[in-house]
Amino acid sequence: MILYPAIDIRDGHAVRLLRGDYDRETVYDADPAEAARRWTGQGARYLHIVDLDGAKEGRPANLETVQRIASAVEAPLQVGGGLRDAAAINAVLAAGAERVVLGTAAMRDTGLLRAALRDHGERVVVSVDSRGGRVALQGWTESGETDAAQAVAELTGEGVQRFVFTPIEVDGTMQGPDLEELRRIAGATEAELIYSGGVGELAHLRSLAEAPANLGGVIVGRALYEGRFSVADAQAALEEGPVGGGDIRRD
(Lines give C-alpha, C1' and ligand atoms only; values in the text may rest on other atoms or scores of the structure.)
Protein backbone atom coordinates (compact mmCIF):
# COMPACT_ATOMS: atom_id res chain seq x y z
CA MET A 1 0.00 0.00 0.00
CA ILE A 2 1.35 3.40 -0.99
CA LEU A 3 1.16 6.75 0.80
CA TYR A 4 0.29 9.64 -1.52
CA PRO A 5 1.19 13.04 -0.04
CA ALA A 6 -1.36 15.57 -1.28
CA ILE A 7 -0.46 18.88 -2.87
CA ASP A 8 -3.58 20.97 -3.46
CA ILE A 9 -2.87 24.05 -5.56
CA ARG A 10 -4.84 27.28 -5.34
CA ASP A 11 -3.66 30.68 -6.54
CA GLY A 12 -0.23 29.14 -7.07
CA HIS A 13 0.16 27.99 -3.44
CA ALA A 14 -0.02 24.62 -1.69
CA VAL A 15 -3.16 24.72 0.47
CA ARG A 16 -5.65 22.51 2.26
CA LEU A 17 -9.40 23.00 2.50
CA LEU A 18 -11.54 21.91 5.44
CA ARG A 19 -14.36 19.60 4.31
CA GLY A 20 -13.93 20.87 0.76
CA ASP A 21 -14.92 24.43 1.69
CA TYR A 22 -13.08 26.99 -0.47
CA ASP A 23 -13.69 29.61 2.23
CA ARG A 24 -11.88 27.50 4.87
CA GLU A 25 -8.41 27.37 3.38
CA THR A 26 -4.98 27.13 4.98
CA VAL A 27 -1.89 28.02 2.94
CA TYR A 28 1.08 25.77 3.79
CA ASP A 29 3.65 26.46 1.06
CA ALA A 30 4.00 29.51 -1.15
CA ASP A 31 5.60 27.23 -3.74
CA PRO A 32 4.03 23.77 -4.24
CA ALA A 33 7.33 22.52 -5.69
CA GLU A 34 8.87 23.01 -2.25
CA ALA A 35 6.24 20.74 -0.76
CA ALA A 36 6.94 18.17 -3.48
CA ARG A 37 10.66 18.22 -2.73
CA ARG A 38 9.99 17.89 1.00
CA TRP A 39 7.70 14.88 0.64
CA THR A 40 9.93 13.07 -1.83
CA GLY A 41 12.90 13.83 0.38
CA GLN A 42 11.09 11.94 3.14
CA GLY A 43 10.57 8.97 0.85
CA ALA A 44 7.27 9.61 -0.99
CA ARG A 45 6.87 7.15 -3.87
CA TYR A 46 4.01 9.02 -5.59
CA LEU A 47 2.42 12.48 -5.28
CA HIS A 48 -1.26 13.38 -5.54
CA ILE A 49 -1.77 16.84 -7.10
CA VAL A 50 -5.11 18.66 -7.22
CA ASP A 51 -5.61 21.87 -9.19
CA LEU A 52 -8.31 23.41 -7.00
CA ASP A 53 -8.67 26.42 -9.28
CA GLY A 54 -9.13 24.07 -12.21
CA ALA A 55 -11.69 21.98 -10.37
CA LYS A 56 -13.79 25.07 -9.74
CA GLU A 57 -13.33 26.64 -13.19
CA GLY A 58 -13.71 23.44 -15.21
CA ARG A 59 -10.33 23.68 -16.94
CA PRO A 60 -6.68 23.28 -15.85
CA ALA A 61 -5.48 26.50 -14.24
CA ASN A 62 -2.06 25.54 -12.84
CA LEU A 63 -0.30 23.67 -15.64
CA GLU A 64 2.91 25.65 -15.17
CA THR A 65 3.01 24.64 -11.51
CA VAL A 66 2.46 20.99 -12.43
CA GLN A 67 5.37 21.25 -14.86
CA ARG A 68 7.61 22.73 -12.18
CA ILE A 69 6.71 19.97 -9.73
CA ALA A 70 7.35 17.28 -12.34
CA SER A 71 10.75 18.82 -13.06
CA ALA A 72 11.60 19.18 -9.35
CA VAL A 73 11.12 15.55 -8.29
CA GLU A 74 11.56 12.05 -9.65
CA ALA A 75 8.43 10.60 -8.05
CA PRO A 76 5.49 10.17 -10.46
CA LEU A 77 2.48 12.46 -10.20
CA GLN A 78 -1.24 11.84 -10.44
CA VAL A 79 -3.00 15.09 -11.23
CA GLY A 80 -6.65 16.12 -11.20
CA GLY A 81 -8.77 19.23 -11.27
CA GLY A 82 -10.75 20.60 -14.21
CA LEU A 83 -10.04 17.78 -16.66
CA ARG A 84 -13.26 17.86 -18.66
CA ASP A 85 -12.13 17.37 -22.24
CA ALA A 86 -9.46 15.48 -24.17
CA ALA A 87 -7.32 18.59 -24.64
CA ALA A 88 -7.13 19.15 -20.88
CA ILE A 89 -6.20 15.52 -20.25
CA ASN A 90 -3.47 15.65 -22.88
CA ALA A 91 -2.16 18.95 -21.52
CA VAL A 92 -1.74 17.56 -18.01
CA LEU A 93 0.00 14.44 -19.28
CA ALA A 94 2.28 16.63 -21.40
CA ALA A 95 3.04 18.71 -18.30
CA GLY A 96 4.57 15.64 -16.69
CA ALA A 97 1.77 13.75 -14.96
CA GLU A 98 1.94 9.96 -14.97
CA ARG A 99 -1.79 9.66 -14.25
CA VAL A 100 -4.77 11.95 -14.72
CA VAL A 101 -7.67 12.06 -12.27
CA LEU A 102 -11.13 12.65 -13.72
CA GLY A 103 -14.01 13.68 -11.49
CA THR A 104 -17.07 15.51 -12.76
CA ALA A 105 -16.31 14.63 -16.38
CA ALA A 106 -16.30 10.90 -15.66
CA MET A 107 -19.80 11.19 -14.19
CA ARG A 108 -21.30 13.43 -16.86
CA ASP A 109 -19.50 12.59 -20.09
CA THR A 110 -19.39 8.87 -20.77
CA GLY A 111 -17.97 9.48 -24.23
CA LEU A 112 -15.00 11.38 -22.83
CA LEU A 113 -14.37 8.70 -20.19
CA ARG A 114 -14.45 5.92 -22.76
CA ALA A 115 -12.11 7.80 -25.06
CA ALA A 116 -9.70 8.55 -22.22
CA LEU A 117 -9.67 4.90 -21.15
CA ARG A 118 -9.12 3.82 -24.73
CA ASP A 119 -6.26 6.26 -25.25
CA HIS A 120 -4.59 6.16 -21.85
CA GLY A 121 -5.75 2.98 -20.08
CA GLU A 122 -4.48 2.63 -16.51
CA ARG A 123 -3.18 6.19 -16.55
CA VAL A 124 -6.79 7.30 -16.05
CA VAL A 125 -8.04 7.45 -12.44
CA VAL A 126 -11.59 8.42 -11.50
CA SER A 127 -12.24 10.44 -8.35
CA VAL A 128 -15.52 9.74 -6.57
CA ASP A 129 -16.14 12.25 -3.80
CA SER A 130 -19.16 11.79 -1.58
CA ARG A 131 -21.19 13.92 0.77
CA GLY A 132 -23.82 12.04 2.75
CA GLY A 133 -23.12 8.94 0.67
CA ARG A 134 -23.93 10.73 -2.60
CA VAL A 135 -21.57 11.91 -5.30
CA ALA A 136 -20.36 15.53 -5.10
CA LEU A 137 -19.40 17.35 -8.32
CA GLN A 138 -17.83 20.55 -9.66
CA GLY A 139 -14.94 20.72 -7.20
CA TRP A 140 -17.26 19.70 -4.33
CA THR A 141 -19.46 22.75 -4.89
CA GLU A 142 -22.42 20.72 -6.18
CA SER A 143 -24.14 17.69 -4.63
CA GLY A 144 -25.52 15.05 -6.94
CA GLU A 145 -28.26 12.51 -6.46
CA THR A 146 -26.29 9.39 -7.35
CA ASP A 147 -25.26 7.01 -4.60
CA ALA A 148 -21.46 6.87 -4.48
CA ALA A 149 -21.28 3.06 -4.40
CA GLN A 150 -23.65 2.85 -7.37
CA ALA A 151 -21.49 5.33 -9.28
CA VAL A 152 -18.36 3.28 -8.57
CA ALA A 153 -20.06 0.10 -9.75
CA GLU A 154 -21.23 1.73 -12.98
CA LEU A 155 -17.82 3.26 -13.67
CA THR A 156 -16.15 -0.09 -13.05
CA GLY A 157 -18.43 -1.46 -15.73
CA GLU A 158 -17.04 1.17 -18.11
CA GLY A 159 -13.54 -0.18 -17.52
CA VAL A 160 -12.15 2.11 -14.79
CA GLN A 161 -9.36 0.25 -12.99
CA ARG A 162 -8.45 2.74 -10.26
CA PHE A 163 -10.49 5.15 -8.11
CA VAL A 164 -9.75 7.89 -5.60
CA PHE A 165 -12.47 7.96 -2.95
CA THR A 166 -13.03 10.88 -0.55
CA PRO A 167 -15.84 11.22 1.99
CA ILE A 168 -15.96 15.01 2.18
CA GLU A 169 -17.34 15.14 5.73
CA VAL A 170 -14.02 14.00 7.17
CA ASP A 171 -11.63 15.60 4.68
CA GLY A 172 -9.14 17.90 6.38
CA THR A 173 -10.48 17.16 9.87
CA MET A 174 -7.72 14.72 10.97
CA GLN A 175 -10.37 13.03 13.14
CA GLY A 176 -10.15 9.62 11.50
CA PRO A 177 -11.08 7.93 8.23
CA ASP A 178 -14.63 6.88 7.43
CA LEU A 179 -13.95 3.16 7.36
CA GLU A 180 -17.60 2.19 7.11
CA GLU A 181 -18.14 4.20 3.94
CA LEU A 182 -14.82 3.01 2.53
CA ARG A 183 -15.89 -0.62 2.98
CA ARG A 184 -19.22 0.14 1.31
CA ILE A 185 -17.48 1.66 -1.71
CA ALA A 186 -14.89 -1.12 -1.85
CA GLY A 187 -17.66 -3.69 -1.97
CA ALA A 188 -18.99 -2.13 -5.17
CA THR A 189 -15.84 -2.74 -7.23
CA GLU A 190 -12.85 -4.98 -7.78
CA ALA A 191 -10.82 -2.01 -9.03
CA GLU A 192 -8.06 -0.49 -6.92
CA LEU A 193 -9.08 2.22 -4.46
CA ILE A 194 -7.01 5.10 -3.15
CA TYR A 195 -8.60 6.53 0.00
CA SER A 196 -8.48 10.17 1.11
CA GLY A 197 -9.93 11.97 4.13
CA GLY A 198 -9.59 12.34 7.89
CA VAL A 199 -6.16 10.85 8.52
CA GLY A 200 -4.52 12.62 11.46
CA GLU A 201 -2.32 10.07 13.18
CA LEU A 202 -0.41 6.88 12.51
CA ALA A 203 -3.13 4.79 14.16
CA HIS A 204 -5.53 5.95 11.45
CA LEU A 205 -3.15 4.66 8.79
CA ARG A 206 -2.77 1.35 10.58
CA SER A 207 -6.55 0.99 10.66
CA LEU A 208 -6.65 1.59 6.91
CA ALA A 209 -3.98 -1.07 6.41
CA GLU A 210 -6.52 -3.71 7.41
CA ALA A 211 -9.25 -2.23 5.22
CA PRO A 212 -10.52 -4.01 2.08
CA ALA A 213 -7.98 -5.86 -0.03
CA ASN A 214 -8.51 -3.59 -3.03
CA LEU A 215 -7.28 -0.54 -1.10
CA GLY A 216 -3.95 0.24 -2.77
CA GLY A 217 -3.08 3.65 -1.35
CA VAL A 218 -3.94 6.46 1.06
CA ILE A 219 -3.77 10.20 0.37
CA VAL A 220 -2.68 12.39 3.28
CA GLY A 221 -2.41 16.16 3.33
CA ARG A 222 -2.93 18.28 6.42
CA ALA A 223 -1.39 15.82 8.91
CA LEU A 224 1.87 15.86 6.93
CA TYR A 225 1.90 19.64 6.60
CA GLU A 226 1.32 20.07 10.32
CA GLY A 227 4.04 17.59 11.26
CA ARG A 228 1.85 14.93 12.89
CA PHE A 229 4.16 12.34 11.32
CA SER A 230 6.66 12.02 8.49
CA VAL A 231 6.15 10.43 5.09
CA ALA A 232 8.53 7.63 6.08
CA ASP A 233 6.63 6.89 9.32
CA ALA A 234 3.32 6.99 7.47
CA GLN A 235 4.52 4.55 4.81
CA ALA A 236 5.82 2.24 7.54
CA ALA A 237 2.45 2.36 9.34
CA LEU A 238 0.65 1.31 6.16
CA GLU A 239 3.04 -1.59 5.76
CA GLU A 240 2.94 -2.65 9.42
CA GLY A 241 -0.84 -2.63 9.73
CA PRO A 242 -2.84 -2.48 12.99
CA VAL A 243 -1.07 -2.84 16.31
CA GLY A 244 -2.82 -4.93 18.94
CA GLY A 245 -5.74 -5.74 16.68
CA GLY A 246 -7.33 -2.34 17.24
CA ASP A 247 -9.66 -0.66 14.82
CA ILE A 248 -10.74 2.93 14.48
CA ARG A 249 -14.25 3.70 13.42
CA ARG A 250 -16.08 6.90 12.69
CA ASP A 251 -19.76 6.87 13.60
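The rows are residues; the columns are (1) at pLDDT 95 or above; (2) open to solvent by 10 Å² or more (accessible area, probe 1.4 Å); (3) β-branched (Val, Ile, Thr).
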residue	(1), (2), (3)
Lys56	no, yes, no
Arg59	no, yes, no
Val66	yes, no, yes
Val79	yes, no, yes
Arg84	no, yes, no
Leu93	yes, yes, no
Gly96	yes, yes, no
Ala105	no, no, no
Ala115	yes, yes, no
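Name every residue in segment 215-243 that is in contact with a Ser or Thr (Cβ under 7 Å, 6 or more places away or on another chain) and surrounded by fewer than 21 Cβ atoms within 10 Å (Cβ to Cβ), in order of residue number.
Once the filter is applied, which keeps residues that are in contact with a Ser or Thr (Cβ under 7 Å, 6 or more places away or on another chain) and surrounded by fewer than 21 Cβ atoms within 10 Å (Cβ to Cβ), segment 215-243 yields only Pro242.
Glu122 meets the conditions (1) at pLDDT 95 or above; (2) touching an Asp or Glu at 6+ places or on another chain (Cβ under 8 Å) in every case but one. The failed one is (2). In the set Ala236, Ala188, Ala211, only one residue is more than 24 Å from Thr26 (Cβ to Cβ), out of contact with any strand residue (DSSP E or B) (no Cβ under 6 Å at 6 or more places or on another chain), at pLDDT 95 or above and assigned to a loop (DSSP other than H, G, I, E, B); that residue is Ala188.
Cβ-Cβ distances below 6 Å connect the following pairs, each with a first residue in segment 34-53 that is touching a residue at least 24 places away in the same chain (Cβ under 8 Å) and at positive phi, a second residue that is crowded, with 19+ Cβ neighbours inside 10 Å and among the hydrophobic types (A, V, I, L, M, F, W, C), and a separation of six or more residues or different chains: Gly43/Val231.
Do we have any residue at all in segment 139-156 that's surrounded by 16 or more Cβ atoms within 10 Å (Cβ to Cβ) and in a loop (DSSP other than H, G, I, E, B)? Yes, segment 139-156 has at least one match.
Yes/no per residue for (1) within 30 Å of Gly111 (Cβ to Cβ); (2) open to solvent by 20 Å² or more (accessible area, probe 1.4 Å):
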| site | (1), (2) |
| --- | --- |
| Gln161 | yes, yes |
| Thr166 | yes, no |
| Val170 | no, no |
| Ile185 | yes, no |
| Glu190 | yes, yes |
| Glu201 | no, yes |
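Of the candidates Glu158, Glu145, the single residue that is more than 18 Å from the chain's Cα centre (by Cα) and modelled with pLDDT of 95 or more is Glu158.
The values are calculated or read from the model by the stated rules, or taken from the named source; none is laboratory data. No experiment lies behind these values; they were computed from the predicted model shown. Glycine gets a Cβ as well: all are built from the backbone with ideal geometry, and neighbour counts include every protein chain shown. SASA here: full protein model, heavy atoms, side chains in, ligands and nucleic acids out. Shrake-Rupley method; radii C 1.70, N 1.55, O 1.52, S 1.80 Å.
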